[in-house]
């Protein structure tokens, strides 16, 4: 391998999930001390300073859109989707953004996007009736095709997820007392409503939250989980057959109010999952804002030390089995023990987060905010979790 290849591999390893978790979880650097003296009072060489901690580095987008849809496709590539029909993509780590918004979509509210590299993406618009739509591109956003338009005024679609490049699901709030599931088997070209015989009844007032594109989460070829709120209990539903049959379990997150529930799910495999949420209203307490499952969502245990406030997005860090980040309007929290304990490591406002399978974590939110997780000097300038990133 060439020296340039070795350099790239070293950078990738430094920015892997395990390295990031170790750096983010470490204690702040201690204050500089007087150099130690050896025998005879000779000054010894000081120990090398620790490498700067990684953190969110803002990547200006030139827009005021609120981005709740985010798809990371690597260290240098990402798509974001948000208000006023806005879709942007970058191929250079966020140094520049290309506006690839679908023509005539200014009245649509995009809340989720799933991408398959630099060319293929599926974006979801939310709302009642025909406001809920799914659009698809195969040429990097140069052209878009409408793949689905909701014609049922009772349906309101919230989020979409893909289990592989062909199989995907989209979730609507309950219709006739049950959640409605859309399914695709051809990469989003066509969609059909699945039968609801295997779907448990929704609770009175229960719905899903279109806050971060993470009210559906998948792992492997067939398993998918659904997050709920607004009812007497915040629940998680699980399907092991791509949405045909579901089981349901109560979570430990706040419930009993339309503003409370599970807002986001992330599963690193078929067994280990994290749920985050709380009460999204500004200033309202969320004392139980995270829970963890080790049995595929059959049971949930409240985090011993949860995030201190409502969190709307969560993602496992790549190349680690125990580290994850949760984001919300008041900050970012880190766990290094699989979701049992969390600590706040940044106070910037973000609505959603996504990490590419190989490497590369991104966050997005209000007022056009998009950030990439990186070390100072690694292509983005200063910034470390634990300090406000704007």
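FYI, it's all coordinate maths here, none of it is from the lab. Worth saying up front: this structure is predicted, and the values here are computed from it rather than measured. Backbone-built Cβ (ideal geometry, glycine too); neighbour counts: all protein chains shown.
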Q) So between residue 281 and residue 84, what do we pick up on full extension, going 0.36 nm a residue minus the alpha carbon distance? A) 68.6 nm
Q | Neighbour-count ranking [beta-carbon atoms within 10 angstrom, fewest first] of 342, 246 | A | 246, 342
Q: Multiply the residue gap between residue 64 and residue 165 by 0.36 nm, knock off their C-alpha separation, and tell me the result in nm, one decimal place.
A: 33.2 nm
Q. Relative contact order, percent, of the range 61-374 when contacts are C-alpha pairs under 8 Å separated by at least 6 residues?
A. 14 percent
Q. Going 7 Å from the Cα of residue 367 in the Cα-to-Cβ direction, what parts of the range 295-335 have a backbone nitrogen less than 14 Å from that spot?
A. 329-331
Q | Pairwise label distance in nanometres, residue 197 with residue 131, each label 7 Å out on the Cα-Cβ vector | A | 3.4 nm
Q: Express in nm, to one decimal, how much length is gained between residue 119 and residue 269 on full extension, taking 0.36 nm for each residue of separation and deducting their alpha carbon distance.
A: 51.3 nm
Q.
Roughly how far apart, in whole Å, are the Cα centres of the range 127-147 and the range 192-206?
A. 25 Å
(Q) Can you sort 128, 374 from fewest to most other Cβ atoms within 10 Å of each residue's own Cβ? (A) 128, 374
Q) What list do you get for 235, 281 if you sort them by fewest beta carbons within 10 Å? A) 281, 235
Q: Taking every pair of Cα atoms in the range 61-374, average 1/r, invert it to obtain the Kirkwood radius, and report Rg/Rh to two decimals.
A: 0.93
